[in-house]
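S.K.: One structure coming up, written as structure tokens, with questions to follow.
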Amino acid sequence: MRSLVLASKSPRRKELLGLCNIPFTIDPSQSEEVLDTSLPLPEGIAKLAYEKANEVFVRHPESLVLGSDTIVTIDGKVLGKPKDKEDCRHMMQLLSGRTHQVITGVCFISKEEIYQYAEIADVTFETMTEEEIEEYVSSQEPYDKAGGYALQGQAAIYIKEIKGDPYTIIGLPVHSVYAFLKSKK
């Protein structure tokens, strides 16, 4: 298999790709992340993954480049990274006691092909009390994460149910990524 390049600076994606036990290098994409709202959300997030991978592929044309992006959505609204405590509080109130979707777009680019897709996982939060929301919002955890939470962080105590690949929620659907990489050996 040709050399693999991860087009991301995310420590979580680096760790997850490492689970595949395939050597890779990292060259983060500098592309601006602007979701194309004219597309259905899964297609829009797959397009963002493509844009990241393509920008890095230009610098590594002999490699296989992997781009990825993740969004959290509820009621058709995309929840980005919270801007401040009030924004985070609002997100937690929206998620509390409800099911939302996490969509991770993935794109592989090489000279031979472009393969892109999106995986969706449903996440159901337990109903949170106002005190629990305040305690969570006051922590440092929510502010660099889409939707204001990480499956593998403090918010785990509020996650009642997951349908789909948990790694999709963390930021890289490891099983499908590995299956693709294995097919290229």
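The values are calculated or read from the model by the stated rules, or taken from the named source; none is laboratory data. Since this is a predicted model, take the numbers as computed values, not measurements. When we count neighbours, we look across all protein chains shown, and the Cβ atoms used for this are built from the backbone with ideal geometry, even at glycine. Ligands, DNA and RNA are stripped out before the accessible areas are found, and what is left, the full protein with its side chains, is counted by its heavy atoms. Shrake-Rupley method; radii C 1.70, N 1.55, O 1.52, S 1.80 Å.
S.K.: Could you figure out which of (1) surrounded by 19 or more Cβ atoms within 10 Å (Cβ to Cβ); (2) at pLDDT 95 or above; (3) over 22 Å from Lys185 (Cα atoms); (4) not small (Gly, Ala, Ser) isn't true of Arg59?
M.R.: Unmet for Arg59, out of (1) surrounded by 19 or more Cβ atoms within 10 Å (Cβ to Cβ); (2) at pLDDT 95 or above; (3) over 22 Å from Lys185 (Cα atoms); (4) not small (Gly, Ala, Ser): (1).
S.K.: Step by step: first the residues of the stretch 1-20, then only those that are among the hydrophobic types (A, V, I, L, M, F, W, C) and in a helix (DSSP H, G or I), then the one that is surrounded by the most Cβ atoms within 10 Å (Cβ to Cβ). Which residue is that?
M.R.: Result: Leu17.
S.K.: Could you list all residues from the stretch 120-148 that are open to solvent by 50 Å² or more (accessible area, probe 1.4 Å) and either of a type in the set (A, V, I, L, M) or farther than 17 Å from Lys160 by Cα (or both)?
M.R.: Of everything in the stretch 120-148, those that are open to solvent by 50 Å² or more (accessible area, probe 1.4 Å) and either of a type in the set (A, V, I, L, M) or farther than 17 Å from Lys160 by Cα (or both) turn out to be Ile120, Glu130, Glu131, Glu134, Glu135, Ser138, Gln140, Tyr143, Asp144.
S.K.: Further question: Test Ile170 against the criterion of being over 23 Å from Pro23 (Cα atoms) and either crowded, with 16+ Cβ neighbours inside 10 Å or touching a strand residue (DSSP E or B) at 6+ places or on another chain (Cβ under 9 Å) (or both), and give yes or no.
M.R.: Taking the combined requirement at face value, the residue does not satisfy it.
S.K.: Contact list please: Cβ distance under 8 Å, first residue in the stretch 94-118 and farther than 25 Å from Val5 by Cβ and part of a strand (DSSP E or B), second residue among the charged types (D, E, K, R) and at pLDDT 95 or above, pairs at least six apart or on different chains.
M.R.: That search, which allows pairs on different chains as well, returns Thr99/Asp122; Thr99/Glu161; His100/Asp122; Gln101/Asp122.
S.K.: Do we find a residue being within 14 Å of the chain's Cα centre (by Cα) and at pLDDT 95 or above anywhere in the stretch 123-132? Steps first, please.
M.R.: Here is the first cut: in the stretch 123-132, the residues within 14 Å of the chain's Cα centre (by Cα) are 123.
The next check asks that each one be at pLDDT 95 or above; those that pass are 123.
Yes, that holds for at least one residue.
S.K.: Just wondering, is there one or more residues in the stretch 130-140 that are of a type in the set (Ser, Thr, Tyr), out of contact with any strand residue (DSSP E or B) (no Cβ under 7 Å at 6 or more places or on another chain) and free of Cβ contacts under 8 Å to residues at least 12 places away in the same chain?
M.R.: Checked against the condition, which is being of a type in the set (Ser, Thr, Tyr), out of contact with any strand residue (DSSP E or B) (no Cβ under 7 Å at 6 or more places or on another chain) and free of Cβ contacts under 8 Å to residues at least 12 places away in the same chain, the stretch 130-140 yields no hits at all.
S.K.: Residue check, Ser68 against (1) open to solvent by less than 10 Å² (accessible area, probe 1.4 Å); (2) at pLDDT below 95; (3) of a type in the set (Ser, Thr, Tyr), all met but one. Which one?
M.R.: Only one criterion is unmet by Ser68, namely (2).
S.K.: Testing Ser31 on (1) open to solvent by 70 Å² or more (accessible area, probe 1.4 Å); (2) modelled with pLDDT under 95, one condition comes back false. Which one is that?
M.R.: Failed condition: (1).
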